[in-house]
1. Around Ala167, which amide H atoms from residues at least 5 apart in sequence, or from another chain, sit under 5 Å from its own amide H, with H modelled in the peptide plane?
2. Please give the Cα centre distance for segment 147-161 versus segment 68-98, rounded to the nearest Å.
3. In square nanometres, what is one fourth of the surface area of the convex hull spanned by the alpha carbons of segment 74-204?
4. Can you compute 3J(HN,Hα) from phi for each residue in segment 169-184, using the Karplus curve 6.51 cos²θ - 1.76 cosθ + 1.60 with θ = phi - 60°, rounded to whole Hz and x for Gly and Pro?
5. Roll a 1.4 Å probe over the protein chains and send me the accessible area per residue for segment 74-190 in Å².
6. So what is log10(I(q)/I(0)) for segment 154-204 at q = 0.18, 0.23, 0.32 1/Å, when the Debye sum runs over its Cα atoms only?
7. Over all directions, average the projected area of the Cα convex hull of segment 51-135 and note it in nm².
8. Non-local amide H neighbours of Arg64 (under 5 Å, H modeled in plane, Pro and chain starts lacking H): which ones?
Amino acid sequence: MLIFGVALLALMAGALFFRAGIHAPAPPAAAPTAGMAVPAETPQALEVVSYPEFELPDIEGTSRAFSEWQGRNRLINFWATWCAPCRREIPLLKNFQAQQAGNGFQVIGIAVDFPEEVSAYAEKAEFNYPILIGQQEAMAVAESSGIEFIGMPFTMFVASDGEYVGAYIGELHQEHLDNLVDIMTRLDRSEISKDEARAELELL
């Protein structure tokens with residue numbers, strides 16, 4: 001009888017615990033021990049603003065691709081025959097091309113004009129750098145980099161690896177080009193970063 005009574009009491013106690021919903025507490029999560037790596041958030045990749053590929057006809061009507069000059073620091077100069085400041089820049093850009101071609105620089109003129117007018121002007125100007133021609137297509141080339149086309153002259157700078165690094169709105173002068181060569185040369189030598197180059201180009 002004693003054994004039967006103990007068993008009955010144990011059974012009743014178990015039933016009461018079950019009905020009351022009593023459960024053993026879960027063990028607390030272990031805190032990271034010293035030296036244990038804690039997963040960090042995945043860093044966001046830096047945006048690379050590359051100048052988009054495009055094709056425009058040259059003075060002879062031959063389609064030319066921008067990638068033709070890949071590997072050089074490129075000055076993309078937007079101009080027109082009717083733009084007086086644009087015409088004043090041309091001798092300066094010709095001298096720059098002659099002096100800096102061997103140092104990895106390339107001027108590319110994009111005439112936002114009619115082909116007949118550009119061809120006639122080119123006979124007198126004797127360009128030593130390529131001239132591409134377009135109207136709405138040429139403006140789209142400028143705006144595809146994220147900058148609003150607001151007037152001419154307008155020059156964009158693309159690094160030797162194809163990344164867009166800056167622009168200058170207005171007429172270029174010799175001191176602008178001298179500073180540009182210094183900035184882009186230091187960038188090619190990895191003496192400054194792209195962000196530092198962009199900051200300096202904004203002060204041209």
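The values are calculated or read from the model by the stated rules, or taken from the named source; none is laboratory data. Keep in mind that what you see is a predicted model, and the values were worked out from it rather than measured. Cβ coordinates were reconstructed from backbone atoms using ideal geometry, including for glycine residues, and neighbour counts include every protein chain displayed. These accessible areas exclude ligands, DNA and RNA; they are computed on the full protein's heavy atoms, side chains included. Shrake-Rupley method; radii C 1.70, N 1.55, O 1.52, S 1.80 Å.
1. The answer is Phe157.
2. When both Cα centres are located, 11 Å separates them.
3. 7.4
4. Coupling constants for segment 169-184: 9, x, 6, 7, 10, 4, 5, 5, 5, 4, 5, 4, 4, 4, 5, 5 Hz.
5. Per residue, segment 74-190 has an accessible area of 43 Å².
6. -0.50, -0.82, -1.46
7. Reported value for the Cα convex hull: 5.3 nm².
8. Under 5 Å from the amide H of Arg64 lie the amide H atoms of Leu56, Asp58, each far enough along the sequence or on another chain.
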